[in-house]
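Read-outs throughout are calculated quantities, based only on the coordinates presented, and are distinct from any laboratory measurement. A quick note: this is a predicted structure, and the numbers were derived from the prediction, not measured. So basically every Cβ, Gly included, is an ideal-geometry build from the backbone, and we count neighbours across all protein chains shown.
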Amino acid sequence: MSNEKRKLLVTSALPYANGPIHLGHLVEYLQTEIWCRFQRLMGNTCVYVCADDAHGTPIMLRARQEGLEPQELIDEVWKNHTRDFSDFLIEFDSYYTTHSPENRKFAESIYQELKKNGHISKKTIRQAYDEEAEMFLPDRFIKGTCPICRAEDQYGDACESCGTTYTPSDLIDPVSVVSGKAPAERDSEHHFFKLADFEEMLKEWTRGDKMQPEIGNKLQEWFDAGLKDWDISRDAPYWGFEIPGAQGKFFYVWMDAPIGYMASYQKYCEKQGLNFDEAWKKDSEWELYHFIGKDIAYFHTLFWPAMLAGSGYRTPTAVFAHGFLTVGGQKMSKSRGTFIKARTWLDHLNPEFLRYYFTAKLGPGVDDINLNLEDFVFRVNSDLVGKFVNIASRCAGFLRKKFDNTLSNELDNPALYEEFLEEGKKIAACYENREFSRAMRTIMGLADKANQYIDEEKPWVLVKDEATQDKAHWVCSQGINLFRVLITYLKPVLPDTARRSEEFLKIAPLQWDSVLTPLKGHEINVFEPLMNRVDDSQVEAMVEASRENTR
RNA sequence: CGCGGGGUGGAGCAGUCUGGUAGCUCGUUGGGCUCAUAACCCAAAGGUCGGGGGUUCGAAUCCCCCCCCCGCAACCA
C-alpha cells in the first residue's frame, strides 16, 4: 500500500422506502461502513453516501393503502431508516432520498444527455392494464396459475414452483393484484435506453478488477443473449419524476435510483463546500465503489456504467457484491421469528455484537452468510468478552492496586509487541480486500497469544514477591499495550467500544498507525467492563418479539 | 429448462486457483490456574470433505453425471 492518501466515494445500495430495515439489509450497510471506517482509520478521505429509494409502483400503492400521500409515507420511512442506521452505529456522510430536487435535476440532465447522444429510442409496446384501477400493471402485479406446473398464485413473470419463465398472458386465470380483476391489454409508447450502444465498453469493463469474477461470469449470459434496449419509462399513474417533454411518462425507478448516489453526494458537497465534479468527472482521481447485494448486480454493472459513460461521467472503480443473510440456515421467515427487524434487535441486543458477528463471517465473495443464534451467543461471548476484553480486565486490577494506574516505562516483551504490529499489516490487507472474516480470525489469534503470554508470566504470582514487583508491572503494562493494539484493529467494527477504550486508556482517538509507538509511563483510568456477555434469554426474547410484531 | 454461486467433524468457517497422510474457532470431555465478566491455560474425543463414476502412484482439490440450497432471467425493487 502506498503512502499516498486516497480519495474514495463509497455507496451502499439504496433501501426501498416501503418498509423497515431488517437484518438482511444490515449485512450490506455494515460491510460498507466498516470498510469506510477502516479507510478513514488509515488516513484516507472516504465519503460514504446513501439514500432511500423512494419511487415506484409499490410505494404508490402502499401509500394509497394506508391513506397517505406518497410523500408522507417516504418521509416517515426515512425517519425510521435513519434512526435504525444511526443506532447500529452506521454513520453516513450523507443519507438522502431519491425524491429530491437534486436527483430530479441529475435524472433529467442524464436523460437529456443520453438522448442528445442518440442513446434513447421510443417504441410502442403492449402491456397488461387494470381497467378498474386505471393503470398499467408490472408483471409482478399480476398473479395466476402457472401454465406449466399448475402451481397457483404465481407472479406474472416466472413460476417459483417449477422455475419456468413466461409472460403474464400465459398465466391461467390471471388477476390484477391491485383490483383483483382480470387484466386487459393496452398499447403505450415507451422510452428505451439503447444498452447495445455500449457493448464494447461493457465487455471491456466487466473483465478485469471491476467486479468479482463470479459476477463477471454471470454477466457473460447477457452478452451471449445480446444486449437489448432497456425500458426506462412508466406510464402515469406512477410515483416518480415525469420525463421532460413527455407528459404522462415517468422515469422508471431503476433509472433514477443509482443517480441517487450522485444526488446524495451533491447534497454533501453543498454542505461541505466541495466540488462535485472532482469526484464524478470523466478521468476523476477519486475512487468510486458501490457495495450491493448479488441480486442487483446487473443494474450496477451494466445499465449504470453505460448510463454514466453515455452522459459523460466517470464510471465506477469497482462494484462489490455480497450474498444474502440466512437465519438458522434458511431464508428469513416471519412465522419462525427469524424475520428480524433492525429495531427489534436494538430493543434486545447490543448492535456491536451483530457488527462483530457479521464481520466474523463476511468474505470477499458472494456467498450467503448464515446467522445461527446459538453460535452467535457463544461467538461474541467467547471472542469479545472472554478473549479480547479479558486482556484489559485481567491486567487493569494489578495496575490499579499496585502501580497507581500507571504503565511501566518498559515493555516486558518488545518482540511480542512487534509481532502484533507485523500481523497488523496482514489485517489491514484483509480489511482492504473485504476479507473481514480472515481479519477477525487473525485478530482473535492475537488475543489468544496475549492471554497465553499473561498465563505464562503469571503476574498474580510475581506481584506477591517484592523482588518481582517490577516484572509484574512490565507484564501488565505489556498486556494493556497489546489490548491497545487489538482495539485499534477492531475499531472499524466496534466504534463504541473503541471510544470507551480510548477513555479507559486516556488517549486521543486511535488511528491505524497510532500503535507503532507503545504507551509507556502513561496513566490510565480505572477499568470498567467494556461489554457485557449476551444471555440466551435476550436472544429468545428477541425472536419472540420478531414473531409477535410481524403477525 | 438455462446461467452464476454454494454444499467440509454437533455448530460456524478455512483449505479447492498452484492435487501429497483434513485445519481453525465454538461446543463436548478430562486436567490446570485462580489475575480476569463461571473469564484464562493445557490436553483429548469427534469428519469415508453432498452422492456416484473417472483421471492419477496419490483427489476436499482436476474431469463427467446426479441430488440439495441461494441468486438471476431485462416490466418487483
### Query
Which angle from 0 to 90°, rounded to the nearest 10, does the C-alpha axis of helix A:259-272 make with the longest principal axis of chain A?
50 degrees
## Note on the structure
Everything considered on the Cα gyration tensor (a ≥ b ≥ c; rounded for a/c under 1.5, else prolate if a/b is larger than b/c, else oblate), the range A:208-274 must be described as oblate
### Task
Specify which residue in the list A:ALA279, A:TRP230, A:ILE215 is farthest towards the positive end of the charge dipole of the range A:173-309, using unit charges on the beta carbon of Lys, Arg (+1) and Asp, Glu (-1), about the Cα centre.
A:ALA279
### Task
Report the charge-dipole magnitude of the range A:457-551 in Debye, nearest 20, computed about the Cα centre from +1 at each Lys and Arg Cβ and -1 at each Asp and Glu Cβ.
240 debye
### Query
Where the only charges are on Cβ atoms (+1 Lys, Arg; -1 Asp, Glu), what is the dipole of chain A about its Cα centre, to the nearest 20 debye?
620 debye
### Query
Among rounded, prolate and oblate, which fits the range A:126-272 when a ≥ b ≥ c are the square roots of the eigenvalues of its C-alpha gyration tensor, a/c under 1.5 means rounded, and a/b larger than b/c means prolate?
oblate
### Query
Roughly how many whole Å is it from the C-alpha centroid of the range A:165-199 to that of the range A:406-472?
62 Å
### Message
If amide hydrogens are placed 1.01 Å from N in the peptide plane, which non-local residues have theirs closer than 5 Å to the one on A:SER333?
### Response
A:THR338, A:PHE339
#### Entry: Pairs of Cα atoms farther than 13 Å apart, the range A:161-217, %
78 percent
### Task
Give me the percent of DSSP beta bridges within chain A that run antiparallel, rounded to the nearest 5.
55 percent
### Task
Quote the Stokes-Einstein diffusion coefficient, in whole µm² s⁻¹, for the range A:446-510, based on the Kirkwood radius over alpha carbon pairs, a temperature of 37 °C and a viscosity of 0.692 mPa s.
255 µm²/s
### Query
For the range A:315-429, what does the alpha-carbon gyration tensor say about shape, rounded, prolate or oblate, given a ≥ b ≥ c as the root eigenvalues, a/c under 1.5 as rounded, and a/b over b/c as prolate?
oblate
## Note on the structure
The set of residues whose placed amide H lies less than 5 Å from the amide H of A:MET211, leaving out same-chain residues fewer than 5 positions away, is A:VAL319
### Summary
Karplus-derived 3J(HN,Hα) from phi for the range A:435-446 (6.51 cos²θ - 1.76 cosθ + 1.60, θ = phi - 60°), whole Hz, x at Gly and Pro, runs 8, 5, 5, 5, 4, 5, 4, 5, 5, 5, x, 5
### Query
Normalized C-alpha radius of gyration of chain A, against 2.2 N^0.38 Å?
1.12
### Query
Tilt of helix A:70-87 relative to the longest C-alpha principal axis of chain A, in degrees (0 to 90, nearest 10)?
20 degrees
#### Entry: Cβ-based charge dipole, chain A, positive-most Cα from A:SER393, A:ILE59, A:ASN350
A:SER393
### Task
Go through the range A:353-365 residue by residue and turn each phi into a ³J(HN,Hα) via Karplus (6.51, -1.76, 1.60, θ = phi - 60°); whole Hz please, and just put x for glycine and proline.
5, 5, 4, 5, 4, 4, 4, 5, 10, 7, x, x, x
#### Entry: Selection from A:SER169, A:VAL463, A:VAL27 lying farthest towards where the dipole of chain A points positive, charges on Cβ
A:VAL463
### Task
Enumerate the whole-percent occupancy of each 10 Å bin, from 0 to the last occupied one, for all C-alpha pair distances of the range A:394-530.
12, 43, 34, 9, 1
### Task
For the pairs A:LYS271/A:LYS294; A:LYS249/A:LYS294; A:LYS105/A:LYS249; A:LYS361/A:LYS491; A:LYS331/A:LYS361; A:LYS402/A:LYS458, note any where the Cα-Cα span goes beyond 21 Å.
A:LYS271/A:LYS294; A:LYS249/A:LYS294
